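Notes for the one structure printed next.
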Amino acid sequence: MRFLLLILLILPIGAAAESVVLGLSRDRINITANFDGSEILVFGAVKREVPISDEEPLEVIVTVAGPSTPVVVRRKDKRYGIWVNNAAVEVDAAPSFYAVATSGPLEDVLLRVEDLRHKITTTRAIRSVGAPDNIRDSSKFTDALIRVRQQNGLYQLLEGVVSFDQQTLFNTSIRLPANLTEGGYTTRIFLTRGGAVVSDYEATIFVGKVGLERWLYALSRAQPMVYGIMSITIAVLAGWGASAAFRLLRHS
Amino acid sequence: MQIYLPIAEVSVNAFLLLGLGGLVGILSGMFGVGGGFLITPLLFFVGIPPAVAVATSANQIVASSFSGVLAHFQRKTVDLKMGTVTLCGGLVGAALGVFAFNYLKSIGQVDLMVRLCYVLFLGIVGALMFVESLNALRRTRKAATSGRPTPTKRNKHNWVHALPFKMRFRTSGLYISVIPPLLVGLTVGVLAAVMGVGGGFIMVPAMIYILGMPTKVVIGTSLFQIIFVAAFTTMLHATTNYTVDVVLALLLLIGGVIGAQFGTQIGLRMKAEQLRVLLALLVLLVCFKLALDLLIEPHELYSLTPLEPR
């Protein structure tokens with residue numbers, strides 16, 4: 001595993017004359033009781049073995065992807081006068097969060113073939129092997145998945161927000177919403193020239209609950225019986241407490 | 001003030017949740033309903049995942065019912081014997097209900113079934129109660145203007161009184177068979193588990209119209225029974241689906257228990273018939289809203305259900 005990682009780190013430097021040096025504002029996001037979303041700052045520089053070329057300018061694409069899970073997408077149809085879930089398509093893997101930030105309009109900075117190879121745009125980041133035979137318009141289901149998650153701020157396309165100075169220093173910030181899934185968030189940086197990827201780099205940010213949030217979550221999974229009894233006890237005590245408090249108030 | 005809920009995994013305004021809890025608490029204290037049929041849709045509305053909303057409101061119902069029942073104990077308006085009998089039926093019913101729920105889940109239409117159950121039962125119960133209580137109001141008004149009291153026809157002799165295994169329920173002033181209360185408890189238990197509510201909105205009218213209990217006793221007794229059914233449901237959700245969010249429950253119940261105390265005070269100052277008209281209107285309103293959601297074309301036809309990673 002470590003060996004593989006080493007190769008991945010060496011590879012871009014060996015393969016290209018221009019490579020990415022990356023900094024992240026943080027490598028861990030803690031979900032605390034007052035967590036209300038977070039912002040990560042992605043910044044870095046282009047390391048060069050050759051002088052800045054005069055041909056087409058270098059562009060930067062930053063992607064942040066949350067953990068992928070299968071998602072069932074259901075569509076409602078009118079049956080017997082009411083709207084009910086009817087057709088369903090299971091998307092094999094869709095990231096729980098996905099943001100793409102670029103230094104220019106996406107069609108200018110990325111070729112279709114490169115997108116296919118590196119799976120950069122949201123449509124490519126979702127893996128859908130196939131729908132059941134009776135569903136002809138399965139692409140509508142993946143479109144719906146993207147649309148719904150875009151509306152919730154989970155999928156973001158941020159064209160032209162990466163600032164890129166002197167073809168060397170770049171930075172951008174990506175807003176993570178409050179309804180984050182726990183896990184590793186993969187951050188990828190692509191350098192492109194004329195739409196072709198010349199270098200890429202990958203780093204992971206961990207998002208996890210801490211403190212009381214972590215403890216409660218762990219208890220609910222590891223000791224559901226204890227957790228259930230605790231919940232009921234709290235409820236009964238609160239009920240009794242309120243009743244007692246009101247009695248005191250009325251008598252005083 | 002935003003607060004992150006550990007099980008629901010969303011960030012919500014804490015005061016909004018306190019307010020929701022308080023509002024439902026007032027209604028719960030006034031009418032003797034657990035408020036589950038109100039709080040669950042309200043939680044959907046503020047963005048809590050449905051599974052968490054259903055399980056957590058069961059926990060919240062325990063608190064508001066407990067607070068409410070203590071207030072009724074002081075006024076001796078709880079028929080413990082009747083409560084225990086309906087509870088026995090209720091627990092068996094809840095277990096059956098969970099079984100039915102899991103079956104519906106396996107065939108994939110649980111959302112629709114729950115919604116249809118809501119519309120159907122809220123509609124029937126609401127309409128019956130509304131008509132009956134309006135008639136009762138008209139009767140008392142007529143009696144007041146004509147100056148002579150009309151005899152109220154409670155304890156009507158119907159099929160309920162013809163059954164065996166009779167038992168005396170002193171607080172309710174009834175001498176009836178245990179079979180109807182057991183069946184009422186059972187039915188409400190099944191519905192409560194399937195619909196994720198305490199079942200007070202069915203229990204209260206059933207006690208009044210089928211068992212013939214006096215309204216004042218019905219509320220306390222229903223609350224008493226609901227505590228245990230809701231606690232049982234909470235345990236089932238916590239151990240099978242891990243969807244009880246204790247932080248969410250705590251915020252709701254702080255608002256709820258305070259609201260329930262005020263609600264009980266308001267309820268005791270109002271006439272029984274007025275209470276029933278108001279409860280009927282409330283039930284019909286929720287029913288109407290849920291029916292509209294089924295009938296009107298939804299804004300977004302597609303819905304997402306993330307699965308556990310494989």
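Just so it is clear, none of the values below were taken in a lab; they were calculated from the coordinates. What you see is a predicted model, and the numbers here were worked out from it, not measured in a lab. When we count neighbours, we look across all protein chains shown, and the Cβ atoms used for this are built from the backbone with ideal geometry, even at glycine.
Using a ≥ b ≥ c from the Cα gyration tensor of the stretch A:210-252 (square roots of the eigenvalues), is it rounded, prolate or oblate, where a/c under 1.5 gives rounded and otherwise the larger of a/b and b/c decides, a/b for prolate?
oblate
Compute the signed sum of charges (Lys and Arg +1, Asp and Glu -1) over the other residues within less than 13 Å, Cβ to Cβ, of B:Y4.
Around B:Y4, the surrounding residues sum to -3.
Would you calculate the volume per residue, in Å³, of the smallest convex hull containing every Cα atom of chain B?
With only Cα atoms used, chain B gives 145 Å³ per residue.
Sort A:V197, A:V109, B:V257 so that the residue with the fewest other Cβ atoms within 10 Å of its own Cβ comes first and the one with the most comes last.
By the 10 Å Cβ count, ascending, the order reads A:V197, A:V109, B:V257.
What order do you get for B:M129, B:M203 when you list them from fewest to most C-beta neighbours inside 10 Å?
Lowest to highest Cβ neighbour count: B:M129, B:M203.
Count, for each residue of B:52-63, the Cβ atoms from other chains sitting within 10 Å of its Cβ, then give me the mean as a whole number.
Mean partner shielding for this stretch: 3.
Based only on other Cβ atoms within 10 Å, what is the fewest-to-most ordering of B:V283, B:V277, A:V162?
B:V277, A:V162, B:V283
Report, as a whole number in µm² per second, the diffusion coefficient that Stokes-Einstein gives for the stretch A:49-159 at 25 °C and 0.890 mPa s using the Kirkwood radius over alpha carbon pairs.
So the translational diffusion coefficient is about 153 µm²/s.
Among A:K76/A:K119; B:K81/B:K216; B:K81/B:K166; A:K76/B:K289, which pairs are too far apart, with a Cα-Cα distance over 20 Å?
Where the Cα-Cα span goes over 20 Å, the pairs concerned are A:K76/A:K119.
Given springs between every Cα pair under 10 Å in a Gaussian network model of chain B, which of B:S222, B:S64, B:S133 has the largest fluctuation?
Per the Cα network of chain B with a 10 Å cutoff, B:S133 tops the list.
Give the relative contact order (percent, whole number) for the stretch B:193-310; include only Cα pairs under 8 Å separated by 6+ residues.
Contact order relative to length: 20 percent.
Taking the Cα of A:H251, stepping 7 Å toward and past its beta carbon, and measuring to each backbone N in the stretch B:49-84: which are under 15 Å?
So the set is B:71, B:74-75.
What ranking, highest mean first, results for peptides A:137-146, A:164-173 when packing means the other Cβ atoms within 10 Å averaged over each residue?
In decreasing order of mean packing, A:137-146, A:164-173 become A:137-146, A:164-173.
Just tell me which aspartates and glutamates come within less than 16 Å, Cα to Cα, of A:K140; anything on the same chain fewer than 8 places away is out.
Counting by Cα, and skipping residues close in sequence, A:K140 has these aspartates and glutamates nearby: A:D77, A:E90, A:D92, B:E300.
Let me make sure I get this right: for the stretch B:56-100, a, b and c are the square roots of the gyration tensor eigenvalues over alpha carbons, sorted descending. Under 1.5 in a/c it's rounded, otherwise prolate if a/b > b/c, else oblate. Which is it?
Since a/c reaches 1.5 but b/c is at least a/b, the shape of the stretch B:56-100 is classed as oblate.
So which residue, out of A:R74, A:R221, A:R149, gets the largest mean-square fluctuation from a GNM of chain A using Cα contacts under 10 Å as springs?
A:R221
Classify the stretch A:2-208 as rounded, prolate or oblate, taking a ≥ b ≥ c as the square roots of the eigenvalues of its Cα gyration tensor: rounded when a/c is under 1.5, otherwise prolate if a/b is larger than b/c and oblate if not.
prolate
Using a 10 Å cut-off around each Cβ of peptide A:72-85, what is the average number of partner chain Cβ atoms that fall inside?
Neighbouring Cβ atoms belonging to other protein chains average 5 per residue here.
Rounded to a whole number, what is D in µm²/s for the protein assembly as shown from Stokes-Einstein with the Kirkwood radius over alpha-carbon pairs (37 °C, 0.692 mPa s)?
Rounded to a whole number, D works out at 123 µm²/s.
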